[in-house]
């Protein structure tokens, strides 16, 4: 408990934490609204048959997740960059305990950030859709509720993944490179992969599967919680790798 | 003042290799409570690596570095056992000094009220709200010392604690280390400022190329590694040189002074008696004491030759 409180003091006393959290909210809302303004342009007035008013509200997560993952990575990378890690490991020499504590504090900060991000993005997007006379999401619909919860869960998992990547790479730029590759590059390139490989990557790549979880239409085989579960398993393995690396390497 | 439960640091055949480079090569020594132990060695001797192994930051290739018989990660309350400052960089530069100490205090279950106390103790009372990155090197050292001491640890490890301190700060750090040892704590500090080490340390652990050169009280270390050396001045240098040579002493004219003579391997009493017996007047007779720095430099340079 003491270590948890200690990590919380460390997290809250660095302005970067709050800049990244506020940035994630802002960027997600703006990018979602930009997506909707694209729909409102006259030449795109013909909506696709499977138009998903919930899913479009979360389009901005694609960019916002980068900031959330960076927020997570900071937990370790800022300590390695500044030498603070020496102090941290001297007062908490059991590295697995330090890792778990950092994961817990980051997950809590990410949860608050995710709730705010998802609420603002959904609210703003629905308002924009309604103003444009486009279909809006039904807040009482079970699929909408599920998508909202999955979006929050996805962002929290992204932050946890960031912590693990921070521990593995020990460098902000290294962690960022991996995050961008995993969350943006591979999903963008997957459709170009040949045949079965492309289908597989387009469905089961962890962030792609995770992002499908907060649409109400889903993409192909994986919908909702199943997509989030793929992301969760990937995050778990990465965290395990971070644990083993942290334990084996000299600080 | 309170007394501590004594805790001993111990290196057992400690070895650390980085690929083909052996940084620490079979070190065995103990650092005992109640005295200030100086950790001495030229740059690259393996001092920092050894200190990092005591703290569990680096893992020994073989052997062990223990604190009270346990590896630090095995001790139930690490902060009560060891406080350390390895370099002044152990602090996030954008975090306020008071927040940094509050986080450390909280991790060890230490009362929040210790934060202003410690800031006051290290002379940072007025600047706790400033980010550590704004501090001078000396102020960072002070914050590092506060970080090490906030948990009231039985063992204190400082790597180059005097770096960046002004003369007043150096005197303060010196008396702080002596006080910590007087309270029964185990105090281990490294420094390349040998004059300061000579004034502060009671005991020395000297390493070179990762191997132990000496583990003994400071005074004994200097006595063991210096020969008696006397400087004499006389108006009648040729006769005194002759008299000393006849008495079997190694005497040589002092190149810097026309009337000076250097005698090695004898004390002032012996040189004085030889001069008196020969009826030669002396204008000066001084025992030249070698400093720790002289001893250390001679020692490490002969070691280099031997290697």
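The values are calculated or read from the model by the stated rules, or taken from the named source; none is laboratory data. Remember, it's a predicted structure, so these values are computed and weren't measured experimentally. No Cβ is skipped: glycine too gets one built from the backbone with ideal geometry, and neighbour counts run over all protein chains shown.
Checking the conditions here, which among B:176, B:204, B:188, B:199 is outside any loop (DSSP other than H, G, I, E, B) and over 12 Å from the mean Cα position of the chain (by Cα)? Don't jump to the end; show me each part of the working.
Numbers: B:204 fails: over 12 Å from the mean Cα position of the chain (by Cα); B:188 fails: over 12 Å from the mean Cα position of the chain (by Cα); B:199 fails: over 12 Å from the mean Cα position of the chain (by Cα).
Criteria check complete, one pass: B:176.
Okay, residues lined up against (1) at pLDDT 90 or above; (2) within 30 Å of residue B:43 (Cβ to Cβ); (3) more than 35 Å from the chain's Cα centre (by Cα):
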{"site": "B:221", "(1), (2), (3)": "no, yes, no"}
{"site": "B:225", "(1), (2), (3)": "no, yes, no"}
{"site": "B:229", "(1), (2), (3)": "no, yes, no"}
{"site": "B:260", "(1), (2), (3)": "yes, no, no"}
{"site": "B:265", "(1), (2), (3)": "no, no, no"}
{"site": "B:276", "(1), (2), (3)": "yes, no, yes"}
{"site": "B:280", "(1), (2), (3)": "yes, no, yes"}
{"site": "B:287", "(1), (2), (3)": "no, no, no"}
{"site": "B:291", "(1), (2), (3)": "no, yes, no"}
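Please pick out the residue among B:232, B:223, B:258 that is assigned to a helix (DSSP H, G or I) and farther than 30 Å from residue B:166 by Cα.
On the way: B:232 fails: assigned to a helix (DSSP H, G or I); B:258 fails: assigned to a helix (DSSP H, G or I).
Result: B:223 is the single residue among B:232, B:223, B:258 that is assigned to a helix (DSSP H, G or I) and farther than 30 Å from residue B:166 by Cα.
Is it fair to say residue A:78 is in contact with a helix residue (DSSP H, G or I) (Cβ under 9 Å, 6 or more places away or on another chain) and crowded, with 23+ Cβ neighbours inside 10 Å? Walk me through it before giving the result.
On the way: in contact with a helix residue (DSSP H, G or I) (Cβ under 9 Å, 6 or more places away or on another chain): yes; crowded, with 23+ Cβ neighbours inside 10 Å: no.
Taking the combined requirement at face value, the residue does not satisfy it.
Looking only at region B:130-143, which residues are surrounded by 15 or more Cβ atoms within 10 Å (Cβ to Cβ) and either in contact with a strand residue (DSSP E or B) (Cβ under 6 Å, 6 or more places away or on another chain) or away from chain A (no Cβ under 11 Å) (or both)?
Listed by number, the residues that qualify are B:131, B:135, B:138, B:139, B:141, B:142.
Please return the ranges of helices (runs of 4 or more DSSP H) entirely within region B:17-129 where 1 or more residues are surrounded by fewer than 23 Cβ atoms within 10 Å (Cβ to Cβ) and more than 10 Å from chain A (Cβ to nearest Cβ). Please lay out each step first, then the result.
On the way: elements: B:47-54, B:78-81, B:97-107, B:114-121.
Filter on region B:17-129 gives B:47-54, B:78-81, B:114-121.
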Query raised in the report: With respect to the numbered conditions (1) over 20 Å from residue B:89 (Cα atoms); (2) touching a residue at least 12 places away in the same chain (Cβ under 8 Å), which one is the sole condition not fulfilled by residue A:86?
Result: (1)
Query raised in the report: Quick one: is residue A:175 in contact (Cβ under 8 Å) with a residue 12 or more places away in the chain and touching a strand residue (DSSP E or B) at 6+ places or on another chain (Cβ under 6 Å)?
Result: no
Query raised in the report: Taking residue A:123, is it under 27 Å from residue A:183 (Cβ atoms) and surrounded by fewer than 17 Cβ atoms within 10 Å (Cβ to Cβ)?
Result: yes
